[in-house]
Amino acid sequence: MKTFFPIVWLAGLLALLPQTLKAETTSERDERMRWWREARLGMFVHWGLYSGAEGIWDGQKYGGGVEWIQNQAGVPTAEYAARLRPLFKPNPGFAREWARLAKVMGAQYVVFTSKHHEGFALHDSKVTDYDAKDFCGRDLFKEIVKALRAEGLRVGVYYSVIDWHHPDFPVKNTGLPHPLAHKRNQNLPDPDAGRVMSRYVDFMHQQVEEIVSHYGTLDVLWWDWSSQQTQGESWRAQELMALVRKHQPRIIMNNRLYHSPNVNGDNLGIFDITKGDFTTPEQHIPATGMPGVDWEACMTLNGTWGYSQHDLNWKSAEMLVRNTVDIASKGGNYLINAGPMVDGSIPEAIRIRFQELGAWMKEYGDSIYATKANPLSAVPYGRITAKPGKYYLHVFDWPKDNRIIVPLKPAGAAKAWMLADSKHQPLVCETTPEGVVVTLKSGFQNPYASVAVLEASGTAIKPGAAMK
Ligand code: GLC
């Protein structure tokens with residue numbers, strides 16, 4: 001029928017238009033973000049071909065993030081792959097080891113590098129043979145996802161839009177790094193000749209679609225990263241995010257399709273929910289949190305994300321506990337990194353620290369999971385997290401007289417106990433002009449962070465001086 005054609009054309013035209021993200025109401029968004037906002041602790045895993053280099057190339061030791069070693073040493077892909085491929089032989093149950101450790105640590109989710117900047121994909125990709133299936137006959141993505149789910153963990157996938165392997169990924173003028181731009185390669189012919197960025201972007205969309213459509217429900221997509229020149233529509237980001245959402249309607253994505261690790265987070269002026277659900281301050285904790293913005297601080301355990309045999313500068317378990325508390329008190333999530341060795345096993349130094357953090361979380365997790373930022377002003381002895389009608393008083397520096405002040409003007413009776421005290425023996429609470437003075441019980445001290453619970457309602461004394 002004649003009148004039918006315009007409808008067909010229209011439908012056809014609409015299909016050609018790039019998809020954009022469907023708008024959500026605030027309550028739909030809150031509902032989708034809920035588990036993530038309550039999770040507070042996640043484990044990051046950086047693992048790929050680079051893990052086999054162990055921070056050394058041609059006898060030279062590299063520092064910083066050695067998952068960048070290909071770029072640090074300026075190694076062309078053929079040489080890089082030839083050297084590292086024979087080393088890449090993951091242990092049979094490596095993924096179970098990761099998942100168990102994450103569980104023991106108290107993490108609620110795990111984000112793993114399914115493809116880092118080197119371009120090597122852990123999933124079975126049909127659009128490249130630079131993937132685990134072709135290298136070792138296994139779909140490692142599948143193994144990891146299965147192991148995480150078996151432990152009841154949420155699944156997060158890191159995907160690098162930077163790709164040093166793909167022949168169309170630009171070498172120069174993107175503001176993004178590339179090994180062929182290294183001075184070692186300056187005498188090679190123009191490395192950008194013949195490279196067509198749009199072909200790379202097509203490839204990337206295909207790879208991402210493989211990931212989001214073949215492995216069941218994924219909970220987080222963790223993009224990495226963009227520059228001032230190369231961001232957003234350089235990646236056809238809105239279309240890409242809509243593609244992801246089409247397959248994974250409840251997935252949560254960070255905003256690094258638009259931002260670099262350094263410019264991304266702390267400037268609240270640039271946070272925009274159409275560009276990602278949360279922002280990712282890297283290697284630091286924003287001093288006063290980021291009110292109204294979902295954020296996750298990602299940090300290394302030593303100085304590198306990928307495994308290095310010579311970086312032994314480990315953070316202490318005490319620091320992990322205190323960072324967890326500090327970040328929760330500012331309303332963020334903490335994503336702590338582990339860099340497994342090339343066989344997938346996790347170095348003992350990491351295991352010990354994660355187990356210690358986990359032991360603390362097991363006892364004190366109520367003061368972290370599902371809490372909100374400290375609504376009161378900063379306290380000199382530690383940090384405060386909150387739940388409706390409850391304040392968790394984290395004590396880092398135990399006062400000699402056992403007394404701490406909570407800057408709260410209580411509306412009625414206040415009740416307090418030590419969180420580690422299963423009998424909930426009451427602590428003495430006195431109301432003073434500076435706030436509620438709680439006398440702690442020294443039998444319940446913890447060397448990393450002791451916790452008392454204060455059950456009270458009321459108003460903040462000196463609000464606005466919150467969180468430090
Ligand atoms: C940076 C680095 C990368 C690391 C990431 C983690 O973007 O390029 O190596 O994976 O941060 O946040």
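The values are calculated or read from the model by the stated rules, or taken from the named source; none is laboratory data. Quantities reported herein were computed from a predicted structural model and do not represent experimental measurements. When we count neighbours, we look across all protein chains shown, and the Cβ atoms used for this are built from the backbone with ideal geometry, even at glycine.
What to note about this one:
- Condition check for SER160: at pLDDT below 95 and under 22 Å from the mean Cα position of the chain (by Cα): no
- Meets criteria (in contact with a Gly (Cβ under 8 Å, 6 or more places away or on another chain) and of a type in the set (A, V, I, L, M)) for LEU101: no
- In the set (1) part of a loop (DSSP other than H, G, I, E, B); (2) farther than 21 Å from MET43 by Cα; (3) among the basic types (Lys, Arg), ARG256 fails one condition alone, (2).
- For GLN207, the criteria (1) more than 16 Å from the ligand (Cβ to nearest atom); (2) at negative phi; (3) not in a helix (DSSP H, G or I) hold in every case but one, which is (3).
- The criterion of at least 2 residues that are under 38 Å from the mean Cα position of the chain (by Cα) and closer than 25 Å to MET361 by Cβ is met, among strands (runs of 3 or more DSSP E) falling completely within region 394-439, by 403-406, 415-418.
- Scan of region 210-253 for residues that are over 18 Å from the mean Cα position of the chain (by Cα) and among the aromatic types (Phe, Trp, Tyr), ordered by number: TYR215, TRP235
- Subset of region 352-376 that is of a type in the set (A, V, I, L, M) and in contact (Cβ under 8 Å) with a residue 60 or more places away in the chain - its residue that is nearest to GLY292 (Cα to Cα): ALA373
Let's see how each residue does on (1) over 22 Å from the mean Cα position of the chain (by Cα); (2) assigned by TED's automatic domain parsing to the domain that holds HIS116; (3) buried (at least 20 other Cβ atoms within 10 Å of the Cβ):
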residue: ARG34; (1), (2), (3): no, yes, no
residue: LEU41; (1), (2), (3): no, yes, yes
residue: VAL45; (1), (2), (3): no, yes, yes
residue: ILE56; (1), (2), (3): yes, yes, no
residue: LYS61; (1), (2), (3): yes, yes, no
residue: GLN70; (1), (2), (3): yes, yes, yes
residue: ARG83; (1), (2), (3): yes, yes, no
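- In region 111-131, residue farthest from HIS165 (Cα to Cα) [restricted to those that are within 12 Å of the ligand (Cβ to nearest atom) and part of a loop (DSSP other than H, G, I, E, B)]: HIS116
- The one condition in (1) closer than 28 Å to SER198 by Cβ; (2) surrounded by fewer than 20 Cβ atoms within 10 Å (Cβ to Cβ); (3) among the aromatic types (Phe, Trp, Tyr) that TRP314 fails to fulfil: (1)
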